[in-house]
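A.B. asks: Sending over a structure as structure tokens; questions will come in a sec.
The values are calculated or read from the model by the stated rules, or taken from the named source; none is laboratory data. Nothing here was measured: the structure is a model prediction, and the numbers come from that model. Here the Cβ positions follow ideal geometry from the backbone for every residue, glycine too, while neighbour counts run over all protein chains shown. The accessibility values were calculated without ligands, DNA or RNA, using every heavy atom of the protein model including side chains. Shrake-Rupley method; radii C 1.70, N 1.55, O 1.52, S 1.80 Å.
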Amino acid sequence: MPLPQKIQEEREALAKRVVEDIRSGKPFFWDSGHYGHPHRNLVADLQGKDTKYHGINNMMLTVAADRFGFKDTRWATFNQVKSLQKEGLPFEKQPHIKKGAKGIPIEYWQYTKTLMEKDPKTGMLVPKMEPDPETGRMKPAVRRLNPPLVRRYIVFNGDQIANIPPERSHDITLDEKDRNAAMEAMIANSEAKVQFDQNNQNFYRVSEDCVHVMPREDFKSLGAFYGTVAHEIAHSTGAESRMNREGITNSDGFGGPIYAKEELRAEMTSMFLGQEYGVAPGKEHYENHVAYLQSWAEVIEKDPDELFRAAAEAQKITDYIKEHMIERDLQKVQTKTDEHTIERAARTVEPVPQPEPEKAKKRDFKPIHRSITIPDKPKRKRRVAVRRTTTDKTKGISR
């Protein structure tokens, strides 16, 4: 669908800037200053809510933050900043946009619209109600917009807004002892098998439905390891049995436009996951992708909208990985250190009263429970519910 002229012009300008950055060797996709705290709405953040920008808008704000050196990850429109002002305070003490600040455009896509009708009693417009086919309960009637409605908003970064509370600190540590649980869950629950069997390359092999990467100890940092594995697992989501993406099911090989588009999607997915879970890939991860930068630049230069399509699809891939891998059973993915801590704690917990014999046979204990013997009661065995965690059992494309 054709975009409003202003939005199209802004997209083309941004795409041109990204191409220039790529050609100059600037590591656009790896702004380590914002990993662990994705771009979010300022007002919601002050209210204790977590309203993040996703996909296209996340990419646009990442570019802007890198370009202008913004350290705050919170953004708000002029009216939202104005809503923070309180009566009785002089303007200079109120939250306000700093003089000379220039906002950053973002896009709002509306795909549905609630149908309205006039209330015969009040004459006011109210949502039209209809029965839900599944529950039978009445709900507002919604129709799908085709084409969707596209709006443009201007937002300002927290660094451009005076008299607001500072952003909460989010120090990121990537020591081996602080392995990222979400990334470990992604690896453990990867729908494609993950094998750590390579010496100097990393890749996803479609015919095997298998991710092949170097062992984690061969990477210069834990961040580089997670960033690379996330990239390859992102490729695996394109398999026909999953998201059925052309870049995987019908690739034209290294150097081809289809291949370049798939690489761009996988790397953006790695960036989005890294931002959300606090994994900064680092310089060496960028250096490993230098060979692909020119092909990305050529694809974006020929079709500026490809940058935005890639961001939108990368968000879908990110959501797929979160739903099917990271959040599936995150609580089960722990390190050996965690397991040892729980084992030590188990020896000090108070025993749970033993059920009556006839009930004990009927009780269905789950596999995560086990029976232990209390040392000072040798003649009686009592059950203590101990939550057992699995150890870090990661299974062991390059592009």
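A.B. asks: State all residues of segment 224-245 that are in a helix (DSSP H, G or I) and of a type in the set (Gly, Ala, Ser); if no residue qualifies, say none.
C.D. replies: ALA224, GLY227, ALA230, ALA234, SER236
A.B. asks: With the checklist (1) open to solvent by less than 10 Å² (accessible area, probe 1.4 Å); (2) touching a Gly at 6+ places or on another chain (Cβ under 6 Å) in hand, flag the one item PHE196 doesn't pass.
C.D. replies: Checking PHE196 against (1) open to solvent by less than 10 Å² (accessible area, probe 1.4 Å); (2) touching a Gly at 6+ places or on another chain (Cβ under 6 Å), the one that fails is (1).
A.B. asks: Could you please give the count of residues in segment 268-285 that are at negative phi, under 19 Å from the mean Cα position of the chain (by Cα) and at pLDDT below 90?
C.D. replies: Residues flagged as at negative phi, under 19 Å from the mean Cα position of the chain (by Cα) and at pLDDT below 90 within segment 268-285 amount to 9.
A.B. asks: Now for a separate question. Within the set of pairs 6 or more residues apart or between chains, which connect a residue that is on the phi < 0 side of the Ramachandran plot inside segment 118-134 to a residue that is assigned to a loop (DSSP other than H, G, I, E, B) and not aliphatic (A, V, I, L, M) with Cβ atoms less than 9 Å apart?
C.D. replies: These pairs meet every condition: LEU125/ASP119; VAL126/ASP119; PRO131/ARG137.
A.B. asks: Across segment 272-283, which residue is surrounded by the most Cβ atoms within 10 Å (Cβ to Cβ) among those that are in contact with a Phe, Trp or Tyr (Cβ under 6 Å, 6 or more places away or on another chain) and more than 19 Å from GLU327 (Cβ to Cβ)?
C.D. replies: Within segment 272-283, the match that is surrounded by the most Cβ atoms within 10 Å (Cβ to Cβ) is PRO281.
A.B. asks: Only residues that are surrounded by fewer than 11 Cβ atoms within 10 Å (Cβ to Cβ) and in a loop (DSSP other than H, G, I, E, B): list them for segment 133-143, please.
C.D. replies: PRO133, GLU134, THR135, GLY136, ARG137
A.B. asks: Something else now. Give me the residue from segment 286-296 that is over 21 Å from SER236 (Cβ atoms) and surrounded by 19 or more Cβ atoms within 10 Å (Cβ to Cβ) and, out of that set, modelled with the highest pLDDT.
C.D. replies: Filtering first and then ranking leaves LEU293.
A.B. asks: With in contact with a Leu (Cβ under 8 Å, 6 or more places away or on another chain) and not charged (D, E, K, R) as the only criterion, which of GLY238, GLY223, GLY256, GLY227 stands out?
C.D. replies: None of the other options fit; the residue is GLY223.
A.B. asks: Regarding segment 144-165, can at least one residue be identified that is part of a strand (DSSP E or B), open to solvent by 70 Å² or more (accessible area, probe 1.4 Å) and in contact with a Pro (Cβ under 6 Å, 6 or more places away or on another chain)?
C.D. replies: Yes, segment 144-165 contains a residue that is part of a strand (DSSP E or B), open to solvent by 70 Å² or more (accessible area, probe 1.4 Å) and in contact with a Pro (Cβ under 6 Å, 6 or more places away or on another chain).
A.B. asks: List the helices (runs of 4 or more DSSP H) that sit entirely inside segment 297-362 and contain at least 3 residues that are touching a Ser or Thr at 6+ places or on another chain (Cβ under 9 Å), at pLDDT 90 or above and of a type outside the set (Val, Ile, Thr).
C.D. replies: Once the helices (runs of 4 or more DSSP H) in segment 297-362 are filtered for at least 3 residues that are touching a Ser or Thr at 6+ places or on another chain (Cβ under 9 Å), at pLDDT 90 or above and of a type outside the set (Val, Ile, Thr), what remains is 305-321.
A.B. asks: Moving on. Among the residues of segment 229-244, which ones are in contact with a helix residue (DSSP H, G or I) (Cβ under 9 Å, 6 or more places away or on another chain) and surrounded by fewer than 23 Cβ atoms within 10 Å (Cβ to Cβ)?
C.D. replies: ALA239, GLU240, ARG242, MET243
A.B. asks: Kindly indicate whether ARG265 is over 20 Å from GLN195 (Cα atoms) and under 15 Å from the mean Cα position of the chain (by Cα).
C.D. replies: Details: over 20 Å from GLN195 (Cα atoms): yes; under 15 Å from the mean Cα position of the chain (by Cα): yes.
It is true that ARG265 is over 20 Å from GLN195 (Cα atoms) and under 15 Å from the mean Cα position of the chain (by Cα).
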